[in-house]
1. Using a 1.4 Å probe on the protein heavy atoms, what percent of the accessible area of the chain belongs to carbon and sulfur?
2. Order 114-122, 263-271 from most to least packed using the mean count of other Cβ atoms within 10 Å.
3. How high is the relative contact order of the chain, given as a whole-number percent (alpha carbon pairs under 8 Å, six or more residues apart)?
4. Gain in length, residue 176 to residue 128, computed as 0.36 nm per residue apart minus the alpha-carbon separation, to one decimal in nm?
5. Roughly what would the spin-label model give for residue 338 and residue 135, points 7 Å off Cα along C-beta, in nm?
6. Is the shape of segment 214-257 rounded, prolate or oblate, going by the alpha carbon gyration tensor and its root eigenvalues a ≥ b ≥ c, with a/c under 1.5 for rounded and a/b larger than b/c for prolate?
7. Quick one: ranking 140, 281 by accessible area, 1.4 Å probe, largest first, what do you get?
8. Work out from phi, with θ = phi - 60° and the Karplus expression 6.51 cos²θ - 1.76 cosθ + 1.60, the ³J(HN,Hα) of each residue of segment 63-78, listed in order in whole Hz, and give x for Gly and Pro.
Amino acid sequence: MRKYITIGIGIVVLVLGFFGFTKLKDTKKPRRPQPENVLQTVFVEKVENTNVPVLVIESGSLVAKNKIELFSEVQGVMEKTGKEFKPGVYFNQGQVMVKIRSNDHYANLMAQKSNLQNLINAIMADLKLDYPESFDSWATYLRDFDLEKPVPELPKPQSEKERTFITARNIYASYYNTKNMEIIYEKYTLRAPFSGVVTDGVLTPGTLIRQGQKLGEFISTSSYEMEVAVGKALMSSLEIGKKVKVREPGFEKHQWEGRISRINGKIDLATQTVKIFIQLTGKDLREGMYLEAVIEGNPIEDAKEVARNLLVEGSKLYIVKDKKLELVDIEPVYSMQKSVIVKGLKDGDQLVIRPVPGAYSGMEVNTNQPAQ
């Protein structure tokens, strides 16, 4: 009996399994969704070739146009003056900057002048007898002779015989010795050759100054020069007197207007650039300031300015044509700091204006134009 029950249960399981398999077989499998082909969006701009201005930005530092190094041509102890000779001290033109004690030299100069005066006095009687036509001029010279004033030029002789007579009395030798001592005496007092400020050197009264010693540096604060190097391709648009905008990097409000004062006639062999010098005047300028010069050259006709990072292989650009990327050949004409002026694009081309990761020619894309 148990045997028949087991067989019956087995038959029921087989029947149920058969019907279950049939049911599962007839059940339709859900379709797997097909992935959509998502196109990358690129930013484009309609090309319109125009006359593109060339702007070159070059950097350089300011140097005072009038700048001198001061050296002592005489020796002595420095005396006190109205102002200290230290960096930052301003002197007007002609004002005494350094004065060196000159008592000994002054005494020798007075003795030399007195000797010249005595020599002229000694020949007056002979002049009246032998050269009466010249007597009045020498008498006037002697009357106006002042030891405290520079020695005036000697009267001109009326004949060669008179010249020989005066030379034989050592008057010319004494005169030129006196003038030489006057020149040396002036070197004991150093005056400002122009209005400006001391930028180097510290001297104090009582300091012994030696001949040939460097005293310091003196510059004019009224005019400065800035040296920059520009590419030789820009030379055709540069000339003496051309105005140039100069600005301080990071401070757009700090701007000055300069002009080209000099252009070097030599091209640097290594960099193929030419040095130009821009003259500047204005408030808040200081020697050593680092500035940028914005130099405007002749515009390039029928061209387009693009970002440097858009160039492919240095001479190609991507455009969009029939919703596909196309790589076109262009001609880079002039490179600037962050952009390149190119030729070869056609008016109306859809130029890709932002780099596209993984871009290749024939790639299908969607286009978009950035908000203005």
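1. Numbers: 12190 of 23990 Å².
Result for the chain: 51 percent of the exposed heavy-atom area is carbon or sulfur.
2. Values: 114-122: 15.2, 263-271: 9.8.
Top to bottom by mean Cβ count within 10 Å: 114-122, 263-271.
3. 28
4. On the way: separation 48, 0.36 × 48 = 17.28 nm, distance 2.45 nm.
Taking residue 176 through residue 128 to full extension adds about 14.8 nm, to one decimal.
5. About 9.1 nm separates the two model spin labels.
6. On the way: a/c = 2.33, a/b = 1.46, b/c = 1.60.
Oblate, because a/c is 1.5 or more while a/b does not exceed b/c.
7. Sorted descending by solvent-accessible area, the residues read 281, 140.
8. These are the phi-based 3J(HN,Hα) values: 10, 4, 5, 9, 8, 9, 9, 9, 10, 8, 9, 10, 10, x, 8, 6 Hz.
The values are calculated or read from the model by the stated rules, or taken from the named source; none is laboratory data. The model shown is predicted, which means the values in this text are computed figures rather than measured ones. When we count neighbours, we look across all protein chains shown, and the Cβ atoms used for this are built from the backbone with ideal geometry, even at glycine. Protein only, heavy atoms only, side chains kept; ligands, DNA and RNA dropped before computing areas. Shrake-Rupley method; radii C 1.70, N 1.55, O 1.52, S 1.80 Å.
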